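Data first, discussion second: the structure below is written as structure tokens.
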Amino acid sequence: VAADREHVGELEFVLTGDSAAALFTEAARLLAEEEAPDGLAGAPPEEPVEIDLAAPDLAALLVDWINELVYLTETTDRAYPQAEILSLTDGTIQARVTPVRATVRHAVKAATLHGVRVGEEGGRWIGRVVVDV
Amino acid sequence: MSRLERRGDVVWELPAATREDMRVPARVFGDEDIVAEIERGQSLEQLANVATLPGIVDAAIAMPDMHQGYGFPVGAVAAFDPGAGGVVSPGGVGYDINCGVRLLALDAALPPERVEPFVHELSRSVPVGTGRGSGLALTGATLDRVLAEGCPYVVSELGAGVPDDLAVIESGGRLPGADPAKVSTRARERGRDQLGSLGSGNHFLEVQRIDTVEDEPAASVYGLRRGETVVLVHSGSRGVGHQICTDYVRLMDRHLVEWGLRLPDRQLSCAPLDTPQAGDYLAAMAAAANFAWSNRQVMTHTIRTVARRLGAGDLRVVYDVAHNIVKWEEYGGRSLAVHRKGATRAFGPASADIPDRYRRVGQPVFVPGSMGTSSWVLAGNDASAERSFGSTCHGAGRALSRGEAKRRVQGAELRRELEARGITVRCPSNAGLAEEAPIAYKDADRVVRAVEDAGIARRVARLVPLGVLKG
């Protein structure tokens with residue numbers, strides 16, 4: 001389950017899941033919903049795209065992941081709500097994301113490192129990322 | 001963490017001794033209500049974090065419109081000395097590099113019955129940014145020249161505007177040192193077809209009436225007369241700037257250990273000013289700044305074309321100011337890297353860096369209010385040089401999150417309310433409209449009174465909206 005939390009100037013994604021990988025898939029879904037507020041229902045999926053990233057730690061990797069999706073969203077004018085995580089370590093991710101055609105508003109400029117956190121709490125994985133809107 | 005100690009009527013400080021890692025105080029301009037609101041939020045802690053950065057000079061400074069940001073708060077000014085280990089921080093400029101405001105004057109009053117058609121035609125002609133291909137599509141070589149040369153190129157080679165426009169744009173619409181080679185392929189891809197587009201979020205275009213004049217001599221020098229019509233444009237560097245900031249925050253984050261930098265917030269990621277990485281960022285940032293000025297220049301051309309087509313007359317550029325930028329400026333005999341994150345340069349009459357035509361009264365500053373409320377034209381004061389590194393506020397400042405604004409305000413209802421007040425609204429999304437509702441912002445009138453009381457700018461004219469176009 002993912003939800004956005006209040007931030008006065010920007011938007012904070014608060015992600016929870018039963019694995020680290022779940023946080024990445026939820027981040028993709030939340031970003032797509034933010035970028036396509038009119039909804040994605042009925043939008044036909046297109047050819048999936050492979051993503052392969054490396055970062056010094058899991059928190060930076062989550063930021064890079066969202067930024068990769070922001071870049072793809074803006075340059076293809078598609079939303080990317082579905083992600084299949086093929087492999088994930090503390091510093092690398094390989095994934096396949098599926099674009100869908102939608103009216104995209106390009107509201108998210110970037111994900112930031114401000115207060116970014118990824119970790120396990122009480123048996124659940126939790127991630128927090130502030131995005132600039 | 002509290003708390004602020006009073007240093008003057010509208011000057012407050014968090015002493016450097018408040019935290020072990022603060023190198024200088026955190027200084028806030030604002031009246032008691034503004035400061036009380038700031039103390040309830042997260043922005044003061046963010047300002048104190050800025051005060052920990054190496055080579056910071058005098059104080060981390062906040063304007064009365066300060067609110068929570070990421071890394072730097074929005075509404076902050078900080079200057080860094082390269083001779084004292086100073087740094088440059090991409091997050092201290094933000095993702096929308098050279099987001100700024102330009103004011104155009106019609107030098108006449110648009111008759112009331114012509115406002116709605118004017119706003120409507122603007123909404124059809126000025127791309128707001130949703131979808132690809134919303135602006136001018138540039139070839140690689142043309143984009144390089146926009147990045148390197150900014151407005152002078154756009155005016156002389158692309159025919160967007162007239163040479164006189166350049167005299168009334170901050171830095172002439174071209175920041176020196178821009179190097180397109182330091183701009184990534186991704187940044188180019190994001191910006192390639194966005195020149196001349198407004199963008200979403202809080203970016204807007206407003207047709208306004210000059211409602212009151214507070215400083216007649218300054219208003220006269222700026223050519224602003226009560227009752228006449230102006231157009232305020234708020235936009236930035238679009239995807240180019242967003243990607244450049246992303247690229248360089250990431251790059252610097254990976255070098256922090258090598259440079260021996262420990263930061264209280266990773267988004268303060270920065271580089272010592274004497275490193276190649278700092279130079280590369282400044283060259284790329286200057287390129288994005290040039291793109292942003294060019295973006296507002298192309299929109300100016302579009303707005304003029306619409307005005308002429310409707311027989312409304314011609315529009316004169318009054319001035320164009322940046323409010324997310326780093327600039328090299330001289331203070332106390334030292335050249336400092338002045339970061340303005342949601343703050344506006346506000347040089348007074350003594351500055352040689354303002355247009356000759358404004359030297360008698362100081363540089364114009366524009367402070368947009370929230371949608372449907374008043375905006376302000378201010379004039380820079382010489383005192384700003386010693387009090388705020390030549391800076392003042394940039395807007396009303398957010399008070400509510402976007403989510404809270406949407407819970408409190410229905411976009412469709414707000415649209416009807418604004419139109420009932422005679423304000424034409426063109427915005428594709430009711431949700432987007434609600435996010436920018438007037439209650440989401442502080443009172444701009446109060447913010448500008450505070451900067452006037454602080455002596456860092458003075459009120460010249462108040463503008464009220466006639467029509468709003470939002471991305």
| message | Cβ neighbours within 10 Å, averaged per peptide: list B:232-244, B:337-349, B:207-219 in order, most packed at the top. | response | B:232-244, B:337-349, B:207-219
| task | Calculate the translational D of the stretch B:183-336 in whole µm² s⁻¹ from Stokes-Einstein, where the hydrodynamic radius comes from the Kirkwood formula applied to all Cα pairs, the temperature is 25 °C and the viscosity 0.890 mPa s. | result | 133 µm²/s
| remark: Given unit charges at Cβ for Lys, Arg (+) and Asp, Glu (-), the dipole magnitude of the stretch B:1-134 about its Cα centre in debye, nearest 20, is 420 debye
| field | chain B - mean residue ellipticity at 222 nm from DSSP helices (-39,500 (n - 2.57) per run, n ≥ 4, rounded to 500) | value | -9500 deg cm²/dmol
| message | Over 14 Å apart: what share of the alpha carbon pairs of the stretch B:133-206 falls there, rounded to a whole percent? | response | 66 percent
| said: Please list, short to long, the whole-number percent of alpha-carbon pairs of the stretch B:290-424 in consecutive 10 angstrom bins beginning at zero. | reply: 10, 28, 32, 21, 8, 1
| said: I'd like the distance between the alpha-carbon centres of the stretch B:25-101 and the stretch B:270-324, rounded to an integer number of Å. | reply: 23 Å
| query | Where does each of A:Tyr71, B:Tyr95 land when they are ranked from fewest to most other beta-carbon atoms within 10 angstrom? | reply | A:Tyr71, B:Tyr95
| remark: Any DSSP H helix in chain B with Cα axial reach of 18 Å or more and mean Kyte-Doolittle score of at least -0.5? Listed by number, the hits are B:238-253, B:276-309
| said: Can you find, among B:Asn324, B:Leu47, B:Ala76, the residue sitting farthest towards the positive end of the charge dipole of chain B, where Lys and Arg contribute +1 and Asp and Glu -1 at Cβ? | reply: B:Asn324
| query | How big is the gap, in Å, between the Cα center of the stretch A:91-133 and the Cα center of the stretch B:370-424? | reply | 29 Å
| query | So how long is each side of the stretch B:421-471 along the principal axes, counting just the alpha-carbon atoms, biggest first, in Å? | reply | 40, 20, 19
| task | With a 10 Å radius around each residue's Cβ, average the other Cβ atoms per peptide and rank B:109-121, B:282-294, B:383-395, highest first. | result | B:282-294, B:383-395, B:109-121
| For the residues A:Thr112, A:Thr25, what sequence is obtained by ranking on other C-beta atoms within 10 Å, fewest first? | A:Thr25, A:Thr112
| said: I'd like to know which of B:Thr392, B:Ala137, B:Ala178 lies farthest towards the positive end of the charge dipole of the protein assembly as shown, counting +1 on Cβ of Lys and Arg and -1 on Cβ of Asp and Glu. | reply: B:Ala137
| field | Amide hydrogen neighbours beyond the local backbone of B:Ser237, cut-off 5 Å, H modeled | value | B:Ile97, B:Cys99
| task | Can you tell me the alpha carbon radius of gyration of the stretch A:17-133 divided by the globular rule-of-thumb value 2.2 N^0.38 Å? | result | 1.00
| What base-10 log of the normalised intensity I(q)/I(0) is obtained for the stretch B:324-395 from the Debye formula, alpha carbons as equal point scatterers, at q = 0.13, 0.21, 0.22, 0.25 Å⁻¹? | -0.38, -0.91, -0.98, -1.17
| If you find the alpha carbon centre of the stretch A:11-51 and of the stretch B:193-209, how far apart are they in angstrom? | 28 Å
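Taking only Cα atoms of the stretch B:148-256, what ratio of Rg to Rh do you get with Rh as the Kirkwood inverse-distance radius?
That ratio is 1.07, to two decimals.
Per residue Cα convex hull volume for the protein assembly as shown, in cubic angstrom?
Each residue corresponds to 140 Å³ of Cα convex hull volume.
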| remark: The Rg/Rh figure for the stretch A:50-117, Cα atoms and Kirkwood Rh, to two decimals is 0.98
| said: With θ taken as phi - 60° and the coefficients 6.51, -1.76 and 1.60, list the Karplus ³J(HN,Hα) couplings across the stretch B:387-399 in order, rounded to whole Hz; mark glycine and proline as x. | reply: 9, 8, 6, x, 10, 9, 6, 10, x, 7, x, 5, 10
| Helix-only mean residue ellipticity at 222 nm for chain A, each DSSP H run of n ≥ 4 adding -39500 (n - 2.57), per residue, nearest 500 | -9000 deg cm²/dmol
| query | Over chain B, with a single point scatterer placed on each C-alpha, what log10 of the ratio I(q)/I(0) does the Debye formula yield at q = 0.06, 0.09 1/Å? | reply | -0.23, -0.54
| task | Mind putting together the pair-distance distribution for the stretch B:367-471? All Cα pairs, 10 Å bins, whole percent per bin, short to long. | result | 16, 40, 27, 15, 2
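Every read-out reported here was derived from the displayed coordinates using simple, explicitly stated rules and does not represent laboratory data. These figures come from a predicted structure and were not determined experimentally. When we count neighbours, we look across all protein chains shown, and the Cβ atoms used for this are built from the backbone with ideal geometry, even at glycine.
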